[in-house]
Each structure stands twice: as C-alpha cells, then as structure tokens.
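Chemist: Pasting in a structure now, in structure tokens, and then I'll have a few things to ask.
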Amino acid sequence: MTGEPVTPRIRILCTDDHRIVREGIKLIISQEPDMEVVALAASRQEAVDLYTQHRPDITVMDLMLGQDSGVDAIRSIRGIDANARIIVLTMYQGEEDVFRAFEAGAITYLLKDQLTDDLIRTIRDVHAGLPSRLSPQVEARLAERASRHSLTPRELQVLGLMSKGMRNRDIAAAIGVTEVTAQVHVKNILHKLEVNDRTSAVHVGILRGLIHIS
C-alpha cells in the first residue's frame, strides 16, 4: 500500500543585506509546512549566483542591498529567467521605488511592516499564479506617480548631485556640461517637483524614492 503523494514545498530564496532580517524571514517561513528557504543572499551578485544554483520557485528581495540595488538584482535574475517570480519586501515606499521594482520585473511589492501574515499569503498566491493584491499604501504610491511629472535620467543624476551639496559649477564639472546647462537642469527639477529651493527638492526626492541617501 502506497501513501498519498507528497506535495513539493515552495522553494524560496531570500535576499536582504541585514543578517537579522534574513534569519527572521527564514524563521517565519520555516514554520510553514509547505515552504522552505533554500538560500539566503546579502548582495546582488550573491542573489544572482544563488538563483542560478538553486532555481527557487519564489525570490523575496529587498530594494537596498548595501551598496547594491535590489532593482538591479531583479533585472539580473529576470535576465537569467524571464519567468522568475520575485516578491519585493522592503521598507522603502516612495513612488519611484515601487515603479522601478515593477518595471524591473517584480511580481508584487510588500512593505516590511506587513512581514508575517501578508508575506506567507503572498508567497502562496504568487506561487499559485494568482493576481497580486497590493496594499493601499503601495497602490497610492503608484497613483501618485502617474499624476506627477517624471524626471529624466539626467535630472535624476543632477538631483543626486544636489543631495551631496554640489552647486551648479560642481554639477556641471561632474557631468561634463556647461554651468548654464546645469542651471537649466536644476530649474527644471524644481519646477517638476513643485518646490522653490534645492533643499526642498532633495527632501521631496528622498520622500518619493527618486534618490536615496546612504
């Protein structure tokens, strides 16, 4: 007499640059009989290497991996496997963070204050191919982005330099343009972000996830 067939467990790769978070997620998942963490990664390259080695069913990914970008890790993994199912789990909820994650190929987006119940449910839903259910906060961020002016890649670069305290002359030298051109970029950034000064522009940029201060 043969027993009932055993259903394979959902195999998960967890990527976060904080060891305590990785271990915490592993502990939460290990309590579920239908799931197992097959690998833990702390950086983009480690995530890519471990994904290639283990081919997990689900990858849980933070957006900030020390000096690395979780968005870049998502792109790299999706470049290896276009069907990779990646769940973002992060503390960052700026509208640009959310947009970039989905643009890179993430399936859904969770905030870390949703860690326990929503993570387990979301893993099961994504593995089963069910539509993702975004939190009201994440949906609001996407709606906000759709209603606002987008910054060009060059303007994002200039905003990042502004966050380092650079003036127009320094920015011009850093990106290889004239000081007048740098001034135009700054003026356009202030207009698009609907602020009157550079300090406010940097503040709004951080809140919206356009730039990050390490």
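The values are calculated or read from the model by the stated rules, or taken from the named source; none is laboratory data. Keep in mind that what you see is a predicted model, and the values were worked out from it rather than measured. Every residue, glycine among them, receives a Cβ derived from its backbone with ideal geometry; neighbour counts consider all protein chains shown. Surface accessibility is based on the protein's heavy atoms, side chains included, excluding ligands, DNA and RNA. Shrake-Rupley method; radii C 1.70, N 1.55, O 1.52, S 1.80 Å.
Chemist: Pairs only if they're at least six apart or on different chains, beta carbon under 8 angstrom, first in region 132-154 and within 17 Å of Lys192 (Cβ to Cβ), second in a helix (DSSP H, G or I) and open to solvent by 90 Å² or more (accessible area, probe 1.4 Å); list them, first residue then second.
Modeler: Taking only residues 6 or more apart or on different chains, the pairs are His149/His191.
Chemist: Which one is most open to solvent (accessible area, probe 1.4 Å), of the residues in region 84-94 that are under 20 Å from Leu207 (Cβ atoms) and free of Cβ contacts under 8 Å to residues at least 40 places away in the same chain?
Modeler: Residue satisfying both the conditions and the ranking: Met91.
Chemist: I'd like the residue in region 121-178 that is in a loop (DSSP other than H, G, I, E, B) and β-branched (Val, Ile, Thr) and, out of all such residues, is least open to solvent (accessible area, probe 1.4 Å).
Modeler: Filtering region 121-178 for residues that are in a loop (DSSP other than H, G, I, E, B) and β-branched (Val, Ile, Thr), the one least open to solvent (accessible area, probe 1.4 Å) comes out as Val177.
Chemist: Among the residues of region 189-212, which ones are in contact with an Asp or Glu (Cβ under 6 Å, 6 or more places away or on another chain) and either outside any loop (DSSP other than H, G, I, E, B) or among the aromatic types (Phe, Trp, Tyr) (or both)?
Modeler: Ile189, Arg208
Chemist: Just checking, which of Ile80, Ile10, Ile87 is more than 17 Å from the chain's Cα centre (by Cα) and under 24 Å from Val138 (Cβ atoms)?
Modeler: Ile10
Chemist: Turning to a different aspect of this structure: Is it the case that Asp117 is surrounded by 13 or more Cβ atoms within 10 Å (Cβ to Cβ) and without any contact (Cβ under 8 Å) to a residue 24 or more places away in the chain?
Modeler: No: the conditions fail for Asp117.
Chemist: Just to be sure, is Leu89 under 19 Å from Ile10 (Cβ atoms) and not in a helix (DSSP H, G or I)?
Modeler: Numbers: under 19 Å from Ile10 (Cβ atoms): yes; not in a helix (DSSP H, G or I): yes.
Here the answer is yes, as Leu89 does meet what is asked.
Chemist: A follow-up question, please. I need a count of the residues in region 96-114 that are among the acidic types (Asp, Glu), surrounded by 15 or more Cβ atoms within 10 Å (Cβ to Cβ) and either in contact with a helix residue (DSSP H, G or I) (Cβ under 7 Å, 6 or more places away or on another chain) or farther than 20 Å from Ser150 by Cβ (or both).
Modeler: 1
Chemist: State all residues of region 73-92 that are closer than 20 Å to Lys112 by Cβ and either among the hydrophobic types (A, V, I, L, M, F, W, C) or at pLDDT 95 or above (or both); if no residue qualifies, say none.
Modeler: Result: Ala73, Ile74, Arg85, Ile86, Ile87, Val88, Leu89, Met91.
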